[in-house]
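Asks: Shown below is the structure under consideration.
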Amino acid sequence: MKPFENILFPVDFSPPCAAIAPYVKRAAEMFGAKVTLAHVFDLGSSVGLELYVRPLPEVLADHHTAARNQLSSFLVQEFPLAEHSRIVLSGEVATRLIELARTGGFDLIIMPTHAGHFRSTLLGSTTAKVLNGADCPVLTTQHAEMMVPRSLQHREWVCGIDLSPCSEWMLRFASNAADAAGATLTAIHAVPAREANGPIQFDLDEEAYSSVALAARLELDKLQKVSGFRTQVRMALGPVKEVLLEVARRRDADVLVIGRGSGDGPSGRLRDLAYGMVRDCGSPKLRPTVKSIR
């Protein structure tokens, strides 16, 4: 079974959106998936004054027609009209995209960040809300006005694994997706260091380091057996974000897979760690969500 069959590509006709289009096309070809382009316009944020002088249905119809015409002429070489569906919706953009992904049977959303400083300028924006609220995985990248997708011939993926109840699902998901892409997957677990600013250490001698590292190795070995993951989950000593970024850099990773829980609080959906990863990592990021654990 293919990990992704229906990709949702939200478009707003911006340069970053056009720049990521070749990557969307390449991902679709790699997974054998269909791509649907969707544009959402929000009357409340753009035509407040117009609504005072014209009836709402008339304004809505005009803007829908204009959006439909613009969408029909956007990226037609990459996504021919006869082969790729195009959807126009109105309302709050992120909310409508999340609803569309849920009700339309989409199993992957690909969209750019639209920001050079993700943490400071994207918080509360459309991409952040979709990352936080979508039930399906979301693939995003660093901001780029003229981005050329990396060659996927290298096909190195990295997946961050913790020891939460979601870990088995995450490892299965990352392994299946990497297999479908013909990629080599490196799974990594970070063990907190005694000193916050200490150096990152790889290939730990767990028994010599601490009981925490030894316990983590035992749990990771169990996880590996249950999930069927064939390659040992590596361990490293250091802060989670820095460990994952360093592994992605060393492996020259094409994709970095990081999880997101389904609850609130420190282990909830969109944590500061995820913001930092999207901001600082040069590889595209694939953020799955866990809807249920069996």
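The values are calculated or read from the model by the stated rules, or taken from the named source; none is laboratory data. Bear in mind that the values here come from a model prediction, so they are computed numbers and not experimental data. Quick note on the areas: whole protein, heavy atoms, side chains included, nothing else; ligands and nucleic acids left out. Shrake-Rupley method; radii C 1.70, N 1.55, O 1.52, S 1.80 Å.
Asks: Can you give me the solvent accessible area of D162 with a 1.4 Å probe, rounded to the nearest 10 Å²?
Replies: Looks like 70 Å² after rounding.
Asks: A follow-up question, please. Taking H as built 1.01 Å from N, whose amide H comes closer than 5 Å to the amide H of S85, not counting residues under 5 places away?
Replies: Placed amide hydrogens put L37 under 5 Å from S85.
Asks: Here's a follow-up. Ordering S211, S167 by accessible area with a probe of 1.4 Å, largest first, what comes out?
Replies: Order by accessible area, largest first: S211, S167.
Asks: Moving to a separate point now. Working from the pairwise distances between different alpha carbons, so that the mean of 1/r is found and then inverted, what is the stretch 151-191's Kirkwood radius in Å?
Replies: Its Kirkwood hydrodynamic radius stands at 10.7 Å.
Asks: What figure, in Å² to the nearest 10, do you get for the accessible area of K2 with a 1.4 Å probe and non-protein molecules left out?
Replies: 90
Asks: Could I ask something else about it? Round to the nearest 10 and report in Å² the accessible area of L139, as given by a 1.4 Å probe over the protein chains' heavy atoms.
Replies: Its heavy atoms expose roughly 10 Å² to the probe.
Asks: With a 1.4 Å probe and all protein chains left in place, how much accessible area per residue does the stretch 1-46 have, in Å²?
Replies: Numbers: 1790 Å² over 46 residues.
Spelled out: the 1.4 Å probe surface of the stretch 1-46, per residue, equals 39 Å².
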